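The values are calculated or read from the model by the stated rules, or taken from the named source; none is laboratory data. Computed from a prediction, not measured in an experiment: that's the story for all the values here. Reconstructed Cβ throughout: ideal geometry from the backbone, glycine too, with neighbour counts over all protein chains shown.
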Amino acid sequence: MEYFAHETAVVDAGCTIGKGTKIWHFSHVMPNCTLGENCNIGQNVVVSPDVILGKNVKVQNNVSIYTGVICEDDVFLGPSMVFTNVMNPRSAVNRKNEYLKTIVKRGASIGANATIVCGHDIGEFAFIGAGAVVTKTVAPYALMVGNPARQLGWMSEFGQRLEFNNVGIAVCSESGEEYKLENNNVQKISK
């Protein structure tokens, strides 16, 4: 076995789990999931059927990743954050054929106790603050906070707040990488 699963974890049949992935205490990976290489699945995590996680996805404790969610490489899911998968759930109404897809793009971070309402994708390197409730699609590099979540600014790929000058250029304080803000879109312009 090229991955580690704690003795209390349950990994159902039909899963594909990448080399170096770790699945910790009391977590359940349900049928037909795909977990990339070097993922870390914390304690008490549920990965529902058909979920796809890319490489190096970090899932902190007490997270449920429901059917319809796709996380690309290098995504961070903070403790107790929540995904939904149906817009109008009712116990007495079966809506399993109405699951909405949510894609969390490469490098995005979702803070502790945040909620992502289904059908709203999270852009590359976006940063969702702790406790935020995301009710709309999030742009790449956007910093989202509050309930409902609103954009407060922009973040670098290193998770540092970007401050743009009068010609729309910002430099990450940690990496020195430059970013350009144009037409309310951010792109990295140096490596």
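If I go through the stretch 13-25 residue by residue, how many of them are crowded, with 16+ Cβ neighbours inside 10 Å, of a type outside the set (G, A, S) and part of a loop (DSSP other than H, G, I, E, B)?
3
Scan the strands (runs of 3 or more DSSP E) fully inside the stretch 127-183 and keep the ones with 3 or more residues being out of contact with any Ser or Thr (no Cβ under 9 Å at 6 or more places or on another chain) and not aromatic (F, W, Y).
Answer list for the stretch 127-183: 142-145, 150-155, 178-182.
Only one of these is outside any loop (DSSP other than H, G, I, E, B) and either modelled with pLDDT of 95 or more or surrounded by fewer than 19 Cβ atoms within 10 Å (Cβ to Cβ) (or both): N97, N88. Name it.
Going through N97, N88 in turn, the sole match is N97.
If you go through the stretch 92-115 one residue at a time, do you hit one that is farther than 18 Å from P49 by Cα, free of Cβ contacts under 8 Å to residues at least 12 places away in the same chain and more than 12 Å from the chain's Cα centre (by Cα)?
yes
Regarding D74, is this residue assigned to a loop (DSSP other than H, G, I, E, B), crowded, with 17+ Cβ neighbours inside 10 Å and within 11 Å of the chain's Cα centre (by Cα)?
Answer is yes for this residue.
Among the candidates G146, G131, G168, which residue alone is outside the structural domain of S109 (by TED's automatic domain parsing), surrounded by fewer than 20 Cβ atoms within 10 Å (Cβ to Cβ) and either modelled with pLDDT under 95 or over 13 Å from the mean Cα position of the chain (by Cα) (or both)?
Sole residue among the options that is outside the structural domain of S109 (by TED's automatic domain parsing), surrounded by fewer than 20 Cβ atoms within 10 Å (Cβ to Cβ) and either modelled with pLDDT under 95 or over 13 Å from the mean Cα position of the chain (by Cα) (or both): G168.
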